Amino acid sequence: MEKQIFRNFTKKLAAKLLPARDPDGHKGDFGRVSITGGSVGFTGAPVLAAYGAARSGSGLVFLGVPEPIYPIVAGHCLEVMPSPLPAARGKISKDAFFPILERLNGCDAGLLGPGLGRSQDLSKLMSKILEETETPLVIDADGLYAIKDRRELLQKRAERGLLTILTPHEGEFRYLSGDLAPGREAAALDFAKEYGCILVLKGPETVTALPDGSCYVNTTGNNGMAKGGSGDVLGGMILGLLGQLVASKRSAEADTDKAQFSKAGISEAGGITALAVYLHGLAGDIACKELGEYGMLPSDLAARIPAAILEVQKNQSQHF
Ligand SMILES: NC(=O)C1=CN([C@@H]2O[C@H](COP(=O)(O)OP(=O)(O)OC[C@H]3O[C@@H](n4cnc5c(N)ncnc54)[C@H](OP(=O)(O)O)[C@@H]3O)[C@@H](O)[C@H]2O)[C@@H](O)CC1
Ligand SMILES: Nc1ncnc2c1ncn2[C@@H]1O[C@H](COP(=O)(O)OP(=O)(O)O)[C@@H](O)[C@H]1O
């Protein structure tokens, strides 16, 4: 896709970008994805992210959480596959490096951060994972905090053709040293260009910026989504759709390294990311219509992802 600015992401564009599902496909064809996060006090965030991925079409969703919260998290997982990771003081510890890396390397995409918590050890651990894994990554929430002083790792991944998607809200964008003064679109584009990543600047009218100067501005969503946990669902949805994109490339080009993203590949990943943002807002709008902006919850939004996808598919059959 050539460099463009889509100021209004439409349903028609969503219908065009929604990945086709092979009628003969099996679960491995629709992406294996892995989420790493959770800590004592933040047990919901990793589960919400996992269901964001599962409800967006992922074939297999793995979830790594610190051992002390594993029984709670596992009690909320049916389709998602949770596993306990080594822990210290209620958070994932540095001893979790190899299990996390091994899981990520066996997956089409990974999400780092929902409910992770903050510590120096976690900052070192996340930085080491960014350096070591070639798997495309989505980094959200405390994952962003963990790497805020190691942003050169993003440039190094880009130089190696590795894909990284960052999903900050404005508070997180500020501590990543993003300068909001030029305005949201320009700020997101400057950051994406400087660090060679896809930057999703969340808020009303979420901006998805690509390093090549392309940019999407979202049109769905409402203030009923301004509740802790909505962003976690979005991180999972981006992961789920990205995993499907990577898996489709893997089966279409058997000899291509799943981890290497050409410029065209980053363009496609940008489109898929903006699609996830659109569907997330649309699911929120459907939840709002049914429940109202006061009472709707992020888990209600996650449960309405299928309805949002169906609405886009209806548009697909009308236009193509
Ligand atoms: N159920 C669970 O388990 C949940 C778990 N969660 C987990 O909690 C962890 C921390 O979450 P987080 O990254 O959002 O950090 P947080 O310290 O709130 O913000 C940092 C700074 O940014 C600011 N700020 C916040 N939002 C803003 C906005 N939209 N636009 C602009 N500014 C905004 C905020 O400023 P203030 O609120 O003081 O104005 C603050 O200074 C993370 O791992 C997440 O996954 C949550 O998802 C909730 C549900
Ligand atoms: N007023 C609003 N209008 C549209 N979307 C919103 C609004 N407020 C929040 N959102 C969306 O809800 C999500 C909130 O994410 P985030 O700030 O990371 O919260 P958390 O991490 O606590 O879940 C983002 O996707 C954001 O775009």
Region 47-80, residues that are within 15 Å of ligand 1 (Cβ to nearest atom), free of Cβ contacts under 8 Å to residues at least 60 places away in the same chain, small (Gly, Ala, Ser) and touching a strand residue (DSSP E or B) at 6+ places or on another chain (Cβ under 7 Å) | Gly64
Specify the residue that is farthest from ligand 1 (Cβ to nearest atom); the eligible residues are those in region 226-253 that are charged (D, E, K, R) and out of contact with any helix residue (DSSP H, G or I) (no Cβ under 8 Å at 6 or more places or on another chain).
-> Glu253
Only one of these is modelled with pLDDT of 95 or more and either within 28 Å of Gly41 (Cα to Cα) or more than 13 Å from ligand 2 (Cβ to nearest atom) (or both): Glu205, Glu172. Name it.
-> Glu172
Does Ile35 qualify as being of a type in the set (A, V, I, L, M), open to solvent by less than 30 Å² (accessible area, probe 1.4 Å), within 17 Å of the chain's Cα centre (by Cα) and modelled with pLDDT of 95 or more?
-> yes
So is Val217 buried (at least 24 other Cβ atoms within 10 Å of the Cβ) and under 27 Å from Cys288 (Cβ atoms) or not?
-> no
Search result, residues across region 25-39 that are more than 16 Å from ligand 2 (Cβ to nearest atom) and outside any strand (DSSP E or B) = Gly25, His26, Lys27, Gly28, Asp29, Phe30, Gly31
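The values are calculated or read from the model by the stated rules, or taken from the named source; none is laboratory data. Here the structure is a predicted model, which is why all the values come from computation and not from measurement. Don't worry about glycine lacking a Cβ; one is built from the backbone with ideal geometry, like all the others, and counts go over all protein chains shown. These accessible areas exclude ligands, DNA and RNA; they are computed on the full protein's heavy atoms, side chains included. Shrake-Rupley method; radii C 1.70, N 1.55, O 1.52, S 1.80 Å.
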